[in-house]
Every structure is written in structure tokens, then in C-alpha cells.
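The structure appears right after this line, and notes come after that.
The numbers here are math on the coordinates, done by the rules we state, and not lab data. Please read all numbers here as calculations on a predicted model, not as lab measurements. Heads up, the Cβs are rebuilt from the backbone with ideal geometry, glycines too, and the neighbour counts pull from every protein chain shown.
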Amino acid sequence: MKYEVTIGIPVYKSAPYIRRALMSALNQTYPSIEFLVVDDCGEDGSVAIIREIADAHPRGKDIRIISNAQNMGVAASRNVIIEEAQGVFLYFMDSDDTIADNTIELLMGGIHQYDAEIAFGSYERIELSGERHLWQYPSLQLFGEDLLACFAYRKYGGIQASACNFLVKTSILRDHDCRFIDTDYWEDMAFTFNLVTYISKAVLLPDITYSYYCRENSLSNYQERTVISKDEIMRNVKTVDYLKHTSSLYINKVYYPDRCHIIAMTDFYIVSNILKRGKNIHPQFTAREIRAMMSHTASFSQICHFRNGFMKNLAMYFMSKLPAQLCVGTIWCLAKAKKLI
């Protein structure tokens, strides 16, 4: 491999943000980095800005631009990055976010110190109002088969759902054919959710290495939108269904019950949002459609053999079997109790 690290950046209609994002990448204190940009045919001048920076910046020779033949979406663009990366380790960032100057140095420091396969940094979320929220890991090393997966599935949100802000050995992605699924909705969650099952040596850092900027009308930013397409939500549901389907690969793993419960809770939070923002969703969902979303990953007989997570999985399983109106009413009450509605 030509570089120690590749920073991969998919770019689509990012002209207002790409200079800030790319400069934060180029400002890295770590020396051996390839900056791999995939142009997804946004045709808004983003690539012209990148070329301008490449011509003027001392690290410009390390910027490589690959152009898709047509607009393919962020998932396909990230898959191009996996195929083309010349770095031993790969780090994804989005074209409208920024990273700290020492992000790669910190993550590579953890990898070198512990001979790890992956290193996660913590991040801050910057709201439209400018308010900042920190999401921090403990300082933790997880060495052993399935330990990272057990940690990731131990609770909802146990690990960041984004594909950004971790440094992973490129060969692991290629050897396990770990790729992004063909969707623009939660493709990063599906990728990360399965990636953790391939890792046996992981490092988690409490350092804030990534700044995630919320944008108005972002697909992931439901709370700031007055009109939400039902089709958009169903594409989220399709991603969760993919995770349910791939879970059959892990039936004999110790973390399988926890994985099933995390997927069930993801369904629960989707439905809670549907109930909360029902007037903004067009067309609206029926009670039967909502109950169908709650279908459990595991069968009743599988749940009966769970050594851990038995009760919480059983509760979610039976809730999905209630009559449609009763199922919706139960979710409404639970969501109100959790202050989600």
C-alpha cells in the first residue's frame, strides 16, 4: 500500500461545505495520508473547489479524485473508496463535516500502541442553532473474538451508527467483502452494525475527533422538517429489514440476543417517530403497517433458548403479535413514558 492512511470523502452537491471539510483533512498532523475524493456528479462546482485547493496546497499531490460515470449515491461512492484506497487503514468522513487536526494521529497512535484493527474516536454534534452535544466513548481496548460486537450490541446506541470517525484496516473490509448496501438511507448504520462482527482487536478513544454538522432539510434530520415522505421512512425500514435478514449468520454467537434486541429497539424508535410526527408524514401509515415494522428478528423458539436478554426480547416479540391497534397503542404509551412523544 502506498500510504498508511486513506481519508475517503464522497462528494455530492457540497460546494458550500467542501472547502471547510477538505482543509480540515489536509491539516492533519499525521504525515502519510491519501485524500481520496469520489465525485458523485453533483455538478455544483464542488470538484472545481477541490482542484483549486489541490493546486495550491502543499499536500495537493496526495489528493486523488475519482469521478463516477453518473450519480450513484453515497453508498456506491463509499464502495468505490474501499476498492480504490491505497492506505493500509481507511477513514471515512462526510463532505460537510470537519475533523480535528490530530484526528488521524490520535487514532493511529491507538492502533500502533495496541496493534489494533480498528480505532474509534468520539464526536460532537453541532445543531442548526449552534448548540453542541458530545458523544464520547470510554477509554477502552477490546481484544478477543466477538468482544467489540458484544460491546456494540450491549445497549441501543452502544456504538456510533455513522461510518465516519473510525480508522479500520482496509484489508478487513476487502477480505470480508464488507460493503455498503444499495440505499441512501442508513447505509452507514447497516455497514457499521455488521463490521463490528469481523473485528477482534479494537480501541475506543474519548477524544473528540469529529464534528458532525446538522443541516437544514437533511435526510437524517426529521425534527427540522415539516414534510416527510412515507417512502423515505420505508427506506429506513428496508435497511433494518436487511439487518434482520443478515442476523441469521450470527444465531450461534453469544451476542445474538443483544443484536436482536437492538434491532427491535430500532424498530421501536422508528415507530415512535412515526407516531410523533404523523401529521408531517405523507401519506400516513396504517396501524397494520406499523405492526409489520415491529416483526422480531428471532423466532419464539429461538428466544426461549436465549441465555441472556430473554425477557426484553420476549416482550418485544409479543408486542409485535398484538392486534394492530393494540400494538400501536402500546408503543404510544411506552414512547410517552420514555418522553419520545
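Which of rounded, prolate, oblate describes segment 200-341, given a ≥ b ≥ c as roots of the alpha-carbon gyration tensor eigenvalues and a/c under 1.5 marking rounded, otherwise prolate only if a/b is larger than b/c? Please list the in-between numbers first.
On the way: a/c = 1.94, a/b = 1.13, b/c = 1.72.
Oblate is the answer for segment 200-341, as a/c is 1.5 or above yet b/c matches or exceeds a/b.
Go through segment 253-321 and name the trypsin sites (Lys or Arg not before Pro) that are in a DSSP coil and have 14 or fewer other Cβ atoms within 10 Å of their Cβ.
Hits after loop and neighbour filter: Arg307, Lys321.
Please compute the Kirkwood hydrodynamic radius of segment 272-315 from all pairs of different C-alpha atoms, in Å with one decimal. Please report the intermediate quantities before stating the final value.
Values: mean 1/r = 0.0796 Å⁻¹.
It is 12.6 Å.
To the nearest 20 debye, what is the magnitude of the charge dipole of segment 45-195 about its Cα centre, counting +1 on the Cβ of each Lys and Arg and -1 on the Cβ of each Asp and Glu? Provide the component values of the computation, followed by the final result.
Working: 12 positive and 23 negative charges, 25 e Å.
I would put it at about 120 debye.
Need the full-extension length gain, Asp177 to Glu52, defined as separation in residues times 0.36 nm minus the C-alpha distance. One decimal, nm.
Details: separation 125, 0.36 × 125 = 45.00 nm, distance 3.49 nm.
Separation in residues times 0.36 nm, less the Cα-Cα distance, equals 41.5 nm.
What is the Rg over Rh value, at two decimals, for segment 1-139, using alpha-carbon atoms and the Kirkwood definition of Rh? Can you show the working numbers first?
On the way: Rg = 15.1 Å, Rh = 15.7 Å.
Ratio of gyration radius to Kirkwood radius: 0.96.
In the chain, how does Rg compare with the Kirkwood Rh, expressed as the Rg/Rh ratio over alpha carbon atoms?
On the way: Rg = 20.7 Å, Rh = 21.2 Å.
Using Cα coordinates only, the ratio equals 0.98.
Can you give me the Cα centroid spacing of segment 148-166 and segment 29-61 in angstrom?
Computed from Cα coordinates, the inter-centre distance equals 30 Å.
For segment 105-249, what does the alpha-carbon gyration tensor say about shape, rounded, prolate or oblate, given a ≥ b ≥ c as the root eigenvalues, a/c under 1.5 as rounded, and a/b over b/c as prolate? Don't jump to the answer; show the numbers that get you there.
On the way: a/c = 2.21, a/b = 1.28, b/c = 1.72.
Oblate is the answer for segment 105-249, as a/c is 1.5 or above yet b/c matches or exceeds a/b.
For the chain, which DSSP H helices look membrane-span-like by this rule: Cα extent along the axis of 27 Å or more and mean Kyte-Doolittle of at least -1.0? It would help to have the intermediate numbers written out before the result.
Numbers: long enough: 256-276 (30 Å, 0.34).
Membrane-span-like by this criterion, though nothing is claimed about a membrane: 256-276.
Sort segment 79-187 into rounded, prolate or oblate with this rule: let a ≥ b ≥ c be the square roots of the eigenvalues of the Cα gyration tensor; rounded if a/c is under 1.5, and if a/c is not under 1.5, prolate when a/b is larger than b/c, oblate otherwise. List each step's numbers first, then the result.
Numbers: a/c = 1.32, a/b = 1.15, b/c = 1.15.
Since a/c stays below 1.5, the shape of segment 79-187 is classed as rounded.
Given 20 °C and 1.002 mPa s, compute D for segment 249-305 with the Stokes-Einstein relation, Rh being the Kirkwood radius over Cα pairs; round to the nearest whole µm²/s.
On the way: Rh = 12.8 Å.
This corresponds to a translational diffusion coefficient of 167 µm²/s.
Can you give the convex hull volume of the alpha carbon atoms of segment 138-185 per residue, in Å³? Mind dumping the intermediate values first?
On the way: hull volume 5.8 nm³, N = 48.
Taking the convex hull of the Cα positions in segment 138-185, it is 120 Å³ per residue.
Set the Förster distance to 41 Å, then compute FRET efficiency between Val227 and Asp115 from the Cβ-Cβ distance, nearest 0.05.
Between Val227 and Asp115 the formula returns 0.25.
Mind listing P(r) for segment 235-280? All alpha-carbon pairs, 10 Å bins, whole percents.
26, 46, 22, 7, 1
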